[in-house]
Amino acid sequence: MPTAIIVHGGAGAWDLNSEKLREAMAVCRSAAKLGQDLLSCGHSAIDAVEAAVRVLEDSPLLDAGIGSYLNAAGEVEMDALIMDGRDLNTGAVAAVRRVRNPISLARRVMDGTEHNLLVGAGAEAFADSIGFPRCAVDDLLVGSELERFLALKQQETYETIEIFNQPGAMGDTVGAVALDINGNLAAATSTGGTRKKLPGRVGDSPLVGSGGYADNLTAAVSATGYGEALMKIVISKRVCDLVEGGMNASDACASAIQLLEQRVSGLGGLIAIDASGNIGFNFNTDAMPYAFATGDGSISSGR
Ligand code: ASP
């Protein structure tokens, strides 16, 4: 079975002519390339999506890991989910602070506990108990987000949905899905959430079926966008259900985004790979940087 990988750098009101969007596409290409290389060497889909998302988290351009948005209290609280399509095993963390790579902490929740999701102080205590590397808040902060936080603090009417529909400098949530040589699917999503969210707010990203889903029998999916809307229609599982009903990954993503818009006036984007290896992506925001590859083929990217 030819391998496949697709990654995204988040759906939103990106400035289409900005250098930042071009750079975000380049980071997506690097992440997809690393995932492709691992898959080519026989690594599993779950290893490939974790490694690809770590590259995206390490980029200060994107809203995950380093570069995460600040919440209304000026803190960084991150959410992440990883899911293995072989056995539907899932690991997730929510509202977690001071870790550089939340996706790897989510992986440790999946591999090392009987639980699916750990939040806040509990997730941080788990990290400490297994010697998972912690960092300082300053290690996650980029100057432009600090400036934006100070500006947004003055805007009493600001709503978190604005990053999806009002043009402005942005980076965004990240995700990856992959199919390995043995036909196994996996999905991973990581985010700093929305700017000026209330402390303790958890978005769609760490919620199984909303921020991502992976099932070898149907598809692997990662979602991005206004989480309050995405989770209402459990969008990633919806894509898998549409694939189960006979659609390919591309049509299923388009149909789910249409539903998001029509049913809950939502804004967002999706990437997916179905069990036959078809790649899909769709979004109804101004842009969503993405990059993908099948087998040892060249990396394609777009926004
Ligand atoms: N879905 C993320 C959230 O609501 C944000 C995003 O994808 O941009 O936390």
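What to note about this one:
- Residue in region 183-191 that is of a type in the set (G, A, S), surrounded by 24 or more Cβ atoms within 10 Å (Cβ to Cβ), in contact with a helix residue (DSSP H, G or I) (Cβ under 7 Å, 6 or more places away or on another chain) and over 13 Å from L88 (Cα atoms) present: yes
- None of L198, L152, L217 is closer than 24 Å to W14 by Cβ and either not acidic (D, E) or not in a strand (DSSP E or B) (or both) except L152.
- When region 5-33 is limited to residues that are in a loop (DSSP other than H, G, I, E, B) and in contact with a strand residue (DSSP E or B) (Cβ under 9 Å, 6 or more places away or on another chain), the one that is surrounded by the fewest Cβ atoms within 10 Å (Cβ to Cβ) turns out to be L16.
- Within region 210-223, being farther than 9 Å from I271 by Cα and either of a type in the set (A, V, I, L, M, F, W, C) or in contact with a strand residue (DSSP E or B) (Cβ under 6 Å, 6 or more places away or on another chain) (or both) holds for G211, G212, Y213, A214, N216, L217, A219.
- Residue, surrounded by the fewest Cβ atoms within 10 Å (Cβ to Cβ), within region 194-206, restricted to residues that are under 22 Å from H115 (Cα atoms) and within 10 Å of the ligand (Cβ to nearest atom): R201
- Options D47, D128, D138, D111: the member that is part of a helix (DSSP H, G or I) and at pLDDT below 95: D138
- Within region 66-78, residues that are under 18 Å from A123 (Cα atoms) sit with their Cβ atoms under 6 Å from residues that are crowded, with 19+ Cβ neighbours inside 10 Å and of a type in the set (S, T, N, Q), at 6+ positions apart or across chains, in these pairs: V76/S68; E77/N71; M78/S68.
- Answer from G266, G297, G277 - the residue that is within 28 Å of I161 (Cβ to Cβ) and outside any helix (DSSP H, G or I): G266
- Filter result (more than 13 Å from E145 (Cβ to Cβ) and over 15 Å from the mean Cα position of the chain (by Cα)) within region 53-76: A72, A73
- Those residues of region 128-142 which are over 14 Å from P102 (Cβ atoms) and of a type in the set (D, E), in sequence order: D128, D138
- Odd one out for V76, checked against (1) outside any loop (DSSP other than H, G, I, E, B); (2) aliphatic (A, V, I, L, M); (3) under 19 Å from V53 (Cβ atoms): (1)
- Scanning region 35-75 for residues that are among the β-branched types (V, I, T) and either surrounded by 24 or more Cβ atoms within 10 Å (Cβ to Cβ) or at positive phi (or both) returns I46, V49, V53.
- Residues of region 235-270 satisfying the condition of being small (G, A, S), away from the ligand (no atom under 13 Å from the Cβ) and either buried (at least 24 other Cβ atoms within 10 Å of the Cβ) or at negative phi (or both): G245, A249, S250, A252, A254, S255, A256
- Unmet requirement for M1, which otherwise passes all of (1) touching a Leu at 6+ places or on another chain (Cβ under 9 Å); (2) outside any helix (DSSP H, G or I); (3) farther than 27 Å from R86 by Cα: (3)
The values are calculated or read from the model by the stated rules, or taken from the named source; none is laboratory data. Small disclaimer: the values here were computed from a predicted structure and weren't measured. All Cβ positions, glycine included, derive from the backbone under ideal geometry; neighbour counts span all protein chains shown.
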